[in-house]
Amino acid sequence: MSQQQNNDPLHGVTLEQIVNSLVASYGWDELGQCIDINCFISNPSVKSSLKFLRRTPWARKKVEDLYLDMRRDEREREKRG
């Protein structure tokens, strides 16, 4: 039996982990500037953000894309030294 390889870079990463990583890296203020959605700007919290992102596919896509960009930048910095 062969094991299928998953090429999805978000495989195994929860939306909560993504939001927490972005907040740790950028902070709420900068995150709200990067992605102009109310749940990051007005009284932000992880709980309210998750609720909104789970119901709003276009916003979730923006958050996932920013997370992937952040991870790519981290890997490039590690390669440089």
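Kirkwood hydrodynamic radius of the chain, from the reciprocal of the average inverse Cα-Cα distance over all distinct pairs: 13.7 Å. Each of Asp36, Asp8 has its accessible area taken with a 1.4 Å probe; listed largest first, they run Asp36, Asp8. When +1 charges are put on Lys and Arg Cβ atoms and -1 charges on Asp and Glu Cβ atoms, the dipole computed for the chain relative to its Cα centre reaches about 220 debye. Mean residue ellipticity at 222 nm, helices only, the chain: -23500 deg cm²/dmol; runs of at least 4 DSSP H residues each add -39,500 (n - 2.57), and the sum is divided by the number of residues.
Using θ = phi - 60° in the Karplus curve 6.51 cos²θ - 1.76 cosθ + 1.60, the 3J(HN,Hα) couplings for the stretch 32-47 round to x, 6, 5, 10, 7, 10, 4, 5, 9, 10, 9, 6, x, 8, 4, 4 Hz; x is entered for Gly and Pro.
The values are calculated or read from the model by the stated rules, or taken from the named source; none is laboratory data. What you see is a predicted model, and the numbers here were worked out from it, not measured in a lab. Don't worry about glycine lacking a Cβ; one is built from the backbone with ideal geometry, like all the others, and counts go over all protein chains shown. Accessible surface areas use protein heavy atoms only, side chains included; no ligands, DNA or RNA. Shrake-Rupley method; radii C 1.70, N 1.55, O 1.52, S 1.80 Å.
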